[in-house]
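Below is one structure, written out as structure tokens; the observations come after it.
The values are calculated or read from the model by the stated rules, or taken from the named source; none is laboratory data. On a predicted model such as this, the values are computed, not experimentally measured, just so you know. Ideal geometry is used to build each Cβ from the backbone, glycine not excepted, and the neighbour counts take in all protein chains shown. We work out accessible area using only protein heavy atoms, side chains counted, and drop any ligands, DNA or RNA first. Shrake-Rupley method; radii C 1.70, N 1.55, O 1.52, S 1.80 Å.
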Amino acid sequence: AQKVTQAQTEISVVEKEDVTLDCVYETRDTTYYLFWYKQPPSGELVFLIRRNSFDEQNEISGRYSWNFQKSTSSFNFTITASQVVDSAVYFCALSEGANDYKLSFGAGTTVTVRA
Amino acid sequence: DAGVIQSPRHEVTEMGQEVTLRCKPISGHNSLFWYRQTMMRGLELLIYFNNNVPIDDSGMPEDRFSAKMPNASFSTLKIQPSEPRDSAVYFCASSLEAERDQFFGPGTRLTVL
């Protein structure tokens, strides 16, 4: 079963629009960690954020913000005032358990920001 | 500081040949991960090491794949013999066990003809 679901395959926006990427996860562990990674056209994977299951506080970093809701098993990511440089594939990932470090990735959402 | 280093960046080989991918983790990191990315299967973990010891190799496709970590600063992923379906981008990542944030190398794009 898919542990991380990113239902949006592709999103296209015009520069300066906001874009929200959905991530729904599934786990039976009470301790788990959620991540977002960015993969620009150049191909590398860039770490953006990690949240643990005991910290539901939302986070803002510049134009990026994350909304973690355990009640709906979601960890959504919003880019405010998008820019062309935000064009990339964004992956949500899950690490389950206190002693397991492997990441299970979602299928990714391709974001295209048009000038 | 240098990030995770992978070599080669690109590899083209013929079916049946042996392929060795190399990874140097970030200095001081004690966990190392090998992932594979394909269009069909996305990003999937192959194996990970903690303090040079393989912890979980359940993602290794079959006996043709093997991975080693002889010391804290070097790991290899070997495919022997290679097959066209092994064509993919192979990523190495490293992390500090206590922090969990995995930092990825640039990847090796493998093409098996």
### Task
Name, by its number, the condition in (1) part of a loop (DSSP other than H, G, I, E, B); (2) open to solvent by less than 10 Å² (accessible area, probe 1.4 Å) that does not hold for residue A:102.
(2)
### Query
With respect to the numbered conditions (1) open to solvent by 60 Å² or more (accessible area, probe 1.4 Å); (2) in a strand (DSSP E or B), which one is the sole condition not fulfilled by residue B:43?
(1)
### Summary
Taking first residues from region B:34-56 that are farther than 29 Å from residue A:89 by Cα and more than 8 Å from chain A (Cβ to nearest Cβ) and second residues anywhere that are open to solvent by 30 Å² or more (accessible area, probe 1.4 Å) and in a strand (DSSP E or B), the pairs with Cβ under 8 Å that are 6 or more apart or on different chains are B:52/B:70; B:52/B:71
### Message
Suppose we filter region B:63-113 for residues that are away from chain A (no Cβ under 14 Å), free of Cβ contacts under 8 Å to residues at least 24 places away in the same chain and open to solvent by less than 20 Å² (accessible area, probe 1.4 Å); how many remain?
### Response
1
### Query
Do you know which residues across region B:1-30 are open to solvent by 70 Å² or more (accessible area, probe 1.4 Å) and in a strand (DSSP E or B)?
B:5, B:10, B:12, B:22, B:24
### Message
One residue is enough: does region A:104-113 have a residue meeting the conditions without any contact (Cβ under 8 Å) to a residue 60 or more places away in the chain and either among the aromatic types (Phe, Trp, Tyr) or within 14 Å of chain B (Cβ to nearest Cβ) (or both)?
### Response
no
### Filter result for residue A:20 (in contact with a strand residue (DSSP E or B) (Cβ under 6 Å, 6 or more places away or on another chain), open to solvent by 10 Å² or more (accessible area, probe 1.4 Å) and not hydrophobic (A, V, I, L, M, F, W, C))
yes
#### Entry: Selection status of residue A:10, farther than 20 Å from residue B:107 by Cα, more than 11 Å from chain B (Cβ to nearest Cβ), open to solvent by 80 Å² or more (accessible area, probe 1.4 Å) and in contact with a Phe, Trp or Tyr (Cβ under 6 Å, 6 or more places away or on another chain)
no
